[in-house]
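Chemist: Let me give you the structure first, and then I'll get to my questions.
The values are calculated or read from the model by the stated rules, or taken from the named source; none is laboratory data. This is a predicted model, so every value here is computed, not measured. In this analysis, Cβ positions are derived from the backbone assuming ideal geometry, glycine residues included, and neighbour counts consider all displayed protein chains. Ligands, DNA and RNA are stripped out before the accessible areas are found, and what is left, the full protein with its side chains, is counted by its heavy atoms. Shrake-Rupley method; radii C 1.70, N 1.55, O 1.52, S 1.80 Å.
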Amino acid sequence: QVQLVESGGGLVQPGGSLRLSCAASGSIFSIYAMGWYRQAPGKQRALVASITSGGTASYVDSVKGRFTISRDNAKNTVYLQMNSLKPEDAGVHYCHAGVFVGGLLRDYWGQGTQVTVSS
């Protein structure tokens, strides 16, 4: 139905920046919202930021003022600009899409991209 491919992760020092990208393909016209989730070893996957099809963005409190989620509808891509990175921001970041399939909202996930913040 929908395929999500993430890119942009890597190793940065504290205070550095990364921009994550998530390109969607398939039934992209049915996407209701997209978001970025973070999962560190031994911890639950948690929402970092999301954006609806109407452009409404939401963020977890810990990243407000540092991260920005955005969309490029022409490229069917969602971005997460991460500035002033902290060690606690590290983990595998997964792109998520909420997609209407047969009138029901279904979840789709990308393969994940690793973000490491270390000096």
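Chemist: Residue by residue through the stretch 34-64, note down the ones that are surrounded by 15 or more Cβ atoms within 10 Å (Cβ to Cβ), out of contact with any helix residue (DSSP H, G or I) (no Cβ under 9 Å at 6 or more places or on another chain) and either among the small types (Gly, Ala, Ser) or under 21 Å from VAL99 (Cβ atoms) (or both).
Modeler: MET34, GLY35, TRP36, TYR37, ARG45, SER50, ILE51, THR52
Chemist: Of the numbered conditions (1) more than 16 Å from LEU20 (Cα to Cα); (2) of a type in the set (Val, Ile, Thr); (3) under 12 Å from the mean Cα position of the chain (by Cα), THR52 satisfies every one except a single condition; which is it?
Modeler: Answer for THR52: the failing condition is (3).
Chemist: Here is a list: VAL63, VAL99, VAL48, VAL92. Which entry is aliphatic (A, V, I, L, M) and over 22 Å from SER118 (Cα atoms)? Even if it seems obvious, please write down each step before you answer.
Modeler: On the way: VAL63 fails: over 22 Å from SER118 (Cα atoms); VAL48 fails: over 22 Å from SER118 (Cα atoms); VAL92 fails: over 22 Å from SER118 (Cα atoms).
Being aliphatic (A, V, I, L, M) and over 22 Å from SER118 (Cα atoms) holds for just one of VAL63, VAL99, VAL48, VAL92, which is VAL99.
Chemist: Answer yes or no: is there a residue in the stretch 49-65 that is in contact with a Leu (Cβ under 7 Å, 6 or more places away or on another chain) and farther than 19 Å from ASP107 by Cβ. Quick ask: steps written out before the conclusion?
Modeler: Step one: of the stretch 49-65, the residues in contact with a Leu (Cβ under 7 Å, 6 or more places away or on another chain) are 49, 60.
Of the ones still in play, those that are also farther than 19 Å from ASP107 by Cβ are none.
No; the residues of the stretch 49-65 include none that is in contact with a Leu (Cβ under 7 Å, 6 or more places away or on another chain) and farther than 19 Å from ASP107 by Cβ.
Chemist: A further question on this structure: Looking at (1) open to solvent by 50 Å² or more (accessible area, probe 1.4 Å); (2) under 15 Å from GLY110 (Cβ atoms), which is the one condition that is false for ALA23?
Modeler: Here ALA23 clears every test but (1).
Chemist: Turning to a different aspect of this structure: Could you pull out the residue among ARG19, ARG38 that is of a type outside the set (Gly, Ala, Ser), over 17 Å from VAL5 (Cβ atoms) and in contact (Cβ under 8 Å) with a residue 40 or more places away in the chain? Working first, answer last.
Modeler: Details: ARG19 fails: over 17 Å from VAL5 (Cβ atoms).
ARG38 is the lone residue from the list that is of a type outside the set (Gly, Ala, Ser), over 17 Å from VAL5 (Cβ atoms) and in contact (Cβ under 8 Å) with a residue 40 or more places away in the chain.
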